[in-house]
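Report on the following structure.
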Amino acid sequence: MTGNSKLTAILFFIFYLILTYFVFVHQNMIAMYMMAIGMLLEATINLWHMFKS
């Protein structure tokens, strides 16, 4: 996924690592917003690469 880009994969890993931190410190609303943004970004990137080729 993520368009087979190493940079994108690393950025999403860091993003989800921060998301996990917010879950563990009970900042659930921030975590939910981040999860929604992350899933939308991943779907958008995958859709972009699907139509690009």
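The values are calculated or read from the model by the stated rules, or taken from the named source; none is laboratory data. From a predicted model like this one, the values you see are computed outputs, not experimental measurements. Cβ atoms come from the backbone with ideal geometry, glycine included; neighbour counts cover every protein chain shown.
The table that follows gives values for the structure above.
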read-out: In segment 5-53, residue surrounded by the most Cβ atoms within 10 Å (Cβ to Cβ) [restricted to those that are among the polar types (S, T, N, Q) and under 14 Å from the mean Cα position of the chain (by Cα)]; value: THR8
read-out: Tabulated pairs, segment 4-15, first on the phi < 0 side of the Ramachandran plot, second hydroxyl-bearing (Ser, Thr, Tyr) and surrounded by 11 or more Cβ atoms within 10 Å (Cβ to Cβ), C-beta under 8 angstrom, 6+ apart or interchain; value: THR8/THR2; ALA9/THR2; PHE12/THR2
read-out: Boolean, PHE51 is modelled with pLDDT of 95 or more and of a type outside the set (A, V, I, L, M); value: no
read-out: Cβ pairs under 8 Å, 6+ apart, first in segment 31-50 and polar (S, T, N, Q), second assigned to a helix (DSSP H, G or I); value: ASN46/THR2; ASN46/GLY3
